[in-house]
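One structure is given below, encoded as structure tokens.
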Amino acid sequence: MNELNIRKEIISTCQKMEELGINQGTSGNISYRFNDGILITPSGISYEVLKPEDIVFVPFSSKKEYKGEYPPSSELDFHFDILKAKPQVDCVLHNHSIYATSMAICRMDIPAHHYMVGIGGGKKIPCASYATFGSSELSQNIIKALDGYHTCLLANHGVVTTAKTLKKALNLAVEVENLAKQYIMAKQVGEPVILSDKEMDKILEKIKFYGTKK
Ligand SMILES: [Zn+2]
């Protein structure tokens, strides 16, 4: 994809997050690996008025030398650090979707109550330890939580998903929200039964195979 198309897709994905109800106001943000740096949503501009040229480029060589009219998202640190640390990932998506964030507020992992938990890469969706938003400590906590996973919750904050494409990162964010909603709803009517490690091993094997078919 060329640079303009990436910028356009970042904006359309922001708008889709809004349409899908997994984002509130300007709280979500998105980044995409490009050349020797990242393209990222600017700080505090509402998605309806966002133009391709408003997306900010930040070179891996220095966070301070960003190129754009507006400063990058206040969550630049973890977008930048994840894309730098994980060459297998090209996109990072962040939001404060209600149900997943509710579990993050309780500082809970999403357990294996449903086989779809496996699309996060493991036997749960882990919750990263708490640190102040925008801090490098938060960034380090997220990278630690993402070890072996494509997504994690952020304690008292929200959700991060990572993928090769924005479409996959968005689908994963929708699924994490569904999983959190299912777990919270199941808690209202009884005690959710969590799938065993052995069953999850089988599921993860199938998901791995499923993922390679495309
Ligand atoms: Zn946030």
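FYI, it's all coordinate maths here, none of it is from the lab. Predicted, not measured: the structure shown is a model, and the values here were computed from it. Positions of Cβ are backbone-derived with ideal geometry, glycine not excepted, and every protein chain shown enters the neighbour counts.
Can you work out the FRET efficiency for the pair residue 12 and residue 129, with r the C-beta to C-beta distance and R0 = 45 Å, to the nearest 0.05? Spell out each step's value before the answer.
Values: r = 33 Å, r/R0 = 0.73.
Computed FRET efficiency for residue 12 and residue 129: 0.85.
For residue 37, the amide hydrogen comes within under 5 Å of the amide hydrogens of 60, counting only partners 5 or more places away or on other chains and with H modelled in the peptide plane.
Filter 144/168; 51/84; 16/124; 16/144; 124/202 down to the pairs with a C-alpha to C-alpha distance above 20 Å, please. In this structure, 144/168; 51/84; 16/124; 16/144 lie more than 20 Å apart at Cα.
What percent does the relative contact order of the stretch 19-144 come to when contacts are Cα pairs within less than 8 Å and at least six residues apart? Relative contact order, the stretch 19-144: 24 percent. With the convex hull of the Cα atoms taken as the outline of the stretch 3-212, the averaged projected area works out to 11.3 nm². From the alpha carbon centroid of the stretch 51-109 to that of the stretch 154-214 is 21 Å. With θ taken as phi - 60° and the Karplus curve 6.51 cos²θ - 1.76 cosθ + 1.60 applied, the whole-hertz 3J(HN,Hα) list for the stretch 159-165 is 9, 10, 10, 10, 6, 7, 10 Hz, x standing for glycine and proline.
Using Cα pairs closer than 8 Å and at least 6 residues apart in sequence, work out the relative contact order for the chain, in percent.
On the way: 403 pairs, mean separation 42.6, N = 214.
Taking the mean separation of contacting Cα pairs over the length of the chain, I get 20 percent.
With the simple spin-label model, which puts each label point 7 Å out from Cα in the Cβ direction, the residue 208 to residue 4 separation comes to 4.3 nm. The residue among 194, 142, 43 whose Cα reaches farthest toward the positive pole of the charge dipole of the chain, with charges on the beta-carbon of Lys, Arg, Asp and Glu, is 194.
From least to most packed, judged by other beta carbons within 10 angstrom and beginning with the fewest, 33, 107 follow the order 107, 33.
Only Lys, Arg, Asp and Glu count, each charged at its Cβ (+1, +1, -1, -1), so figure out the dipole size of the chain about its Cα centre, rounded to 20 debye. Spell out each step's value before the answer.
Details: 25 positive and 24 negative charges, 125 e Å.
For this selection, approximately 600 debye.
Taking a Cβ cut-off of under 13 Å around residue 54, the surrounding Lys, Arg, Asp and Glu residues balance to a net charge of +1, with basic ones at +1 and acidic ones at -1. For the chain, the mean residue ellipticity at 222 nm estimated from helices alone is -13000 deg cm²/dmol, where every DSSP H run of n ≥ 4 contributes -39500 (n - 2.57) and the total is divided by all residues, rounded to the nearest 500.
For Cα pairs less than 8 Å apart in space and 6+ apart in sequence, what is the mean separation divided by the residue count of the stretch 99-154, i.e. the relative contact order in percent? For the stretch 99-154, the relative contact order is 35 percent.
Scanning the chain for GluC sites (Glu not before Pro) in DSSP loops with at most 13 other Cβ atoms within 10 Å, what's the longest stretch left with none?
On the way: sites that count: 65, 69.
Value returned for the longest uninterrupted segment is 70-214.
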